[in-house]
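Everything below concerns the one structure shown next.
The values are calculated or read from the model by the stated rules, or taken from the named source; none is laboratory data. Here the structure is a predicted model, which means the values were calculated and not measured. Positions of Cβ are backbone-derived with ideal geometry, glycine not excepted, and every protein chain shown enters the neighbour counts. Accessible surface areas use protein heavy atoms only, side chains included; no ligands, DNA or RNA. Shrake-Rupley method; radii C 1.70, N 1.55, O 1.52, S 1.80 Å.
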Amino acid sequence: MTWTRIAAATQLQDDEVMSIALGGAQLALYRSAGEFHVTDNVCTHQYALLSDGYVEDGCIECPLHQARFDLRTGVALCAPATQPIRVYPVRVEGDDVLVDA
Ligand code: FES
């Protein structure tokens, strides 16, 4: 595993999302109910950035066609998306948010 610091924990409030560029990968970092989650930032339906979407109840809603994905598992919860988004291990050390991506 290679853990990389991607943000300070204080950069996000609950139900916020931000884009993260990491070695050519486009990731999204979320905070929901005090927990951090990281997924690929591009929707699996068409091209839209999930970091432009809405975080609610542990899910991200795509800004383009409103598909919703579970932040813990990446599972697509409703149409039009059918494929999951990739999720990555996250941990917090002090004020640092780290991802294994
Ligand atoms: S691009 Fe995300 S639901 Fe269509």
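Full extension of the chain between residue 22 and residue 66 gives 13.3 nm of extra length, using 0.36 nm per residue less the Cα-Cα distance.
Report relative contact order for the chain in percent, whole number only (criteria: Cα-Cα under 8 Å, sequence separation at least 6).
Answer for the chain is 28 percent.
Pick from 23, 53, 74: which residue has the top mean-square fluctuation in a GNM of the chain where Cα pairs under 10 Å get a spring? Sorting by GNM fluctuation, first place goes to 23.
Fully extended, how many nm does the chain gain between residue 8 and residue 78 (0.36 nm per residue separation, minus their Cα-Cα distance)?
22.0 nm
Placing pseudo-labels 7 Å out from each Cα toward the beta carbon at residue 86 and residue 46 gives an inter-label distance of 2.4 nm. Among 78, 43, 62, whose mean-square fluctuation peaks in a Gaussian network model of the chain (Cα, cutoff 10 Å)? So, out of 78, 43, 62, the one fluctuating most is 78. In terms of accessible area, using a 1.4 Å probe and ignoring ligands and nucleic acids, 91, 31 rank largest first as 91, 31. Result for the chain in a Gaussian network model with C-alpha springs under 10 Å: among 57, 40, 14, the largest mean-square fluctuation is at 57.
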